[in-house]
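None of the figures in this text is laboratory data; all of them are computed from the coordinates on show. Given the structure is predicted, the values throughout are model-derived calculations rather than measurements. Please note: Cβ atoms are built from the backbone with ideal geometry, for glycine as well, and neighbour counts cover all protein chains shown.
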Amino acid sequence: MHDSEAWAYERHGSAPGYPHPFGATRLAGGGVNFAVHAPRARAVQVELPGIGTVELESRTGSVWHVEVAGLPPRQEYGFVVDGVRLLDPYARHVTGGLDGHTSALRSYVVEPGFDWAGDVAPRTPWDRTVIYEAHVKGLTRLHPDIPDELRGTYAGLVHPAVLDHLVDLGVTAVELLPVHHFVTEPSVAERGLVNYWGYNTAAYLAPHAPYAATDDPVSEFRTMVRALHERGLEVLLDVVYNHTAEGGKDGPLLHLRALDDAGYYRHAHGRYFDVTGCGNTVRTHAAPAEALVMESLRYWVTEMHVDGFRFDLASALARAGQGRVNLHRSLIERITADPALRGVKLVAEPWDASMDGYLLGGYPEPWAEWNDRFRDDVRDFWRGHGGGAAPIATRLAGSSEIFGPSGRPPQASVNLVTAHDGFTLRDTVSYDHKHNEANGEDNRDGHNHNCSDNGGAEGETDDVEVLTRRRRRSAALLATLLVSAGTPMIRAGDELGQTQGGNNNAYCHDDETTWLPWIPDVGWGHLRTVASRLLALRAEHAALRTARYFTGEPGGPYGREDLAWLHPDARPWTDEDWADDTTTAVGMALDGTQTGDGEGRSVLVLLNAADGPVAWTLPADPWPPSYRVALDTADLDRDATYGAKETIEVAGQSVLVLVEATEI
């Protein structure tokens, strides 16, 4: 290269560049490579505000590319395809949103390098994993100990006050609601509301910019991950690869529709094939869409150090040709086999918005799945609609009939009684019906099947009897979650007694409706104690986190069943007992010598869903001779030791956990 040519190159000259990687990449020589898949385009430019526009004159297959020299750090850019300005779908730093139906999104070149300071992933084993589902903004927006400028941000999430809370609570992984840069749907904005949850992705490789306290969301996100790892906490992302913010045919034009509509979206009968309820479905079995999703996943693991993903409406990704569900010929198989994703946690929401997309129990090893059967059966048991002891016993024991056939352990069941979508724990025991009027859809949105019970009055009340029943039942629901075999997931805010006023679809409220109340209302502080004490017990006693399904067969040094079902009368359960749909009391004895290292203590878990107390006779030999109260959800101060065959009281609407004592 002559001197004059080099001088021009250094002043934003261009070269052919490379077809990969897609997006904007700073090269070792200082230039920035731009590459975009646009198979039907006639002309492509990269617009560089403050500098000018550069033609992408080189094309390799469907990919247009160019290298531009001399660009400053964090240069803004956008692709112009046949005269239309588009967001780079591979952009790693994005700001802005929509102005009506018009894109006001802006992308920036991300500079390489970050000091990870020896960051080490916790790699928490599945049998010790406890997931905490949280919203970046909602988690800290009202926290009194966090500076105002950090509240609701990535930086605020790792303030010592929050980290201490998470560690003291006993969770091991924070699952963040969508943090890919997202926008509010025009239809929602027209109602004067916003997309708060974030399930409307515009950029799969860019952290949501409004969650950053600085102008560098990429570095701030990485700093957050590093800080969580330092406290032994994993980071899981709730990812929305099933649809994009472009919506239906009349939705905003952002990028994929103009770049390669047929390559990125599913079509049928001349219109979008929609199994997401959001206007479009990403065609993840096609090469362009598959490449985008896989690059996104690899980027968040290798460059952002996240530890796993929860896939929203995962069954939309399990579709192959003609949109038919086929787990083994779909993107699910590619994700499972990808070397870069080996060892990270993969969690499916095992359904989509169609009839044939309900795939609970159908995902392969090493996937885990949200278990909505657990949620519904546990809620029904505690509200007196449980169909007796059989359904709740099956959930307590790990849902083996669902996950066992695939060869996966109990941890494949992500157990939950609440999540972002639906009632909070407090609202589950306070409302019979949803109250979503504030969403502006005449209360039509949100689930109608909530398996909830208001305890005697709809919504807020000062009735002492009703409040007592609610507080007991909420503690019992939470305790059932944390003593069951499987992987428990706690919805952030439930430990604080959060209410959303009966709104079970609060996706559009960025206000006190959804922000966590760090100072619990009077009478609701007990839930944090229940959660932290039970999670400490779960961590200490392997019997509460078995990594294999129970058989009920005698074994171990004492000839005990690994799990024995306990009747209040200390007699064996009969077929008639299991078939009795009026049964409200069931217990289980877990042999600690057949779990973990074989030296653990045995644990008794007694559930009483009746309103009144039940007298319960403790098991005799070969079970231990004595037990101490580890937790009584109806009386957190209860401290006693009982002998075998002794009859004790289990309060109504409560869970009593007893642990083998060393002496009586």
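In table form, for the structure just shown:
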{"item": "Amide H partners (placed H, <5 Å) of Lys345, local residues excluded", "result": "Gly308, Phe309"}
{"item": "Karplus-derived 3J(HN,Hα), 6.51/-1.76/1.60, for each residue of the stretch 139-148, Hz, glycine and proline x", "result": "4, 10, 4, 10, 6, x, 9, 9, x, 3"}
{"item": "For the stretch 39-54, 3J(HN,Hα) per residue [Karplus equation, 6.51 cos²θ - 1.76 cosθ + 1.60, θ = phi - 60°, Hz, x = Gly/Pro]", "result": "x, 10, 6, 9, 8, 9, 10, 10, 8, 10, x, x, 10, x, 10, 10"}
{"item": "Contact order normalised by residue count of the stretch 232-331, Cα under 8 Å, 6+ apart, percent", "result": "33"}
{"item": "Equivalent ellipsoid dimensions for the chain as semi-axes, Å, which come from the Cα gyration tensor, largest first", "result": "50, 25, 23"}
{"item": "Degrees between helix 372-382 axis and first principal axis of the chain (Cα, 0 to 90, nearest 10)", "result": "30"}
{"item": "Sequence-distant residues sharing a close amide H with Phe79 (under 5 Å, placed H)", "result": "Glu47, Leu86, Asp88"}
{"item": "Spin-label pair Arg298/Leu636, simplified geometry with 7 Å Cα→Cβ offset, distance in nm", "result": "4.9"}
{"item": "Ranked Ser107, Ser654, Ser14, criterion: other C-beta atoms within 10 Å, fewest first", "result": "Ser14, Ser654, Ser107"}
{"item": "Footprinting exposure proxy for Met304, Met355, Met224 (fewest neighbouring C-beta atoms within 10 Å first)", "result": "Met355, Met304, Met224"}
{"item": "Long-range HN-HN contacts of Leu359 with modeled amide H, under 5 Å", "result": "Trp351"}
{"item": "Sum of side-chain charges, Asp577 neighbourhood, beta-carbon under 13 Å (Lys, Arg +1; Asp, Glu -1)", "result": "-4"}
{"item": "Ordering of 115-123, 90-98 by burial proxy (mean other Cβ atoms within 10 Å per residue, highest first)", "result": "90-98, 115-123"}
{"item": "The chain: calculated mean residue ellipticity at 222 nm from DSSP helix runs of at least 4, using -39500 (n - 2.57)", "result": "-6000 deg cm²/dmol"}
{"item": "Cα extents of the stretch 3-86 along the three principal axes, largest first (Å)", "result": "37, 25, 22"}
{"item": "Span from the the stretch 229-247 Cα centroid across to the the stretch 289-365 one, whole angstrom", "result": "12"}
{"item": "Label-point gap, in nm, between Arg85 and Ser532 - each point 7 angstrom along Cα→Cβ", "result": "5.1"}
{"item": "Cα shape, the stretch 211-254, gyration tensor, a/c 1.5 rule", "result": "oblate"}
{"item": "Where only C-alpha atoms are counted, convex hull volume of the stretch 148-198 per residue in Å³", "result": "109"}
{"item": "Global geometry of the stretch 552-660, whether rounded, prolate or oblate, following the gyration tensor of its Cα atoms and the 1.5 cut on a/c", "result": "oblate"}
{"item": "Crossing angle, helix 217-230 versus the chain [Cα axis fit, 0-90 degrees, rounded to tens]", "result": "30"}
{"item": "Cβ-based exposure ranking for Tyr196, Tyr358, in which fewest neighbours within 10 Å come first", "result": "Tyr358, Tyr196"}
{"item": "P(r) of the stretch 195-320 over all Cα-Cα pairs, binned every 10 Å from zero, in whole percent", "result": "12, 41, 31, 13, 2, 0"}
{"item": "Rounded tilt (10° steps) of 464-483 against the dominant C-alpha axis of the chain", "result": "70"}
{"item": "Linear extension gain, Asp215 paired with Asp168, 0.36 nm per residue minus alpha-carbon span", "result": "13.8 nm"}
{"item": "Translational D in µm²/s for the stretch 455-609 (Stokes-Einstein at 37 °C, 0.692 mPa s, Kirkwood Rh from C-alpha pairs)", "result": "181"}
{"item": "Descending principal axes extents, the stretch 1-140, alpha-carbon based, whole Å", "result": "61, 42, 31"}
{"item": "Percent breakdown of C-alpha pair distances by 5 Å bin, ordered from the shortest bin, for the stretch 233-299", "result": "4, 17, 28, 25, 14, 6, 4, 2, 1, 0"}
{"item": "Inter-probe distance in nm under a simple model that places probes 7 Å from Cα toward Cβ, at Asp580 and Glu55", "result": "8.6"}
{"item": "Column: log10 I(q)/I(0), Debye, Cα scatterers of the stretch 148-542, q = 0.07, 0.09, 0.11, 0.12 Å⁻¹", "result": "-0.32, -0.54, -0.83, -1.00"}
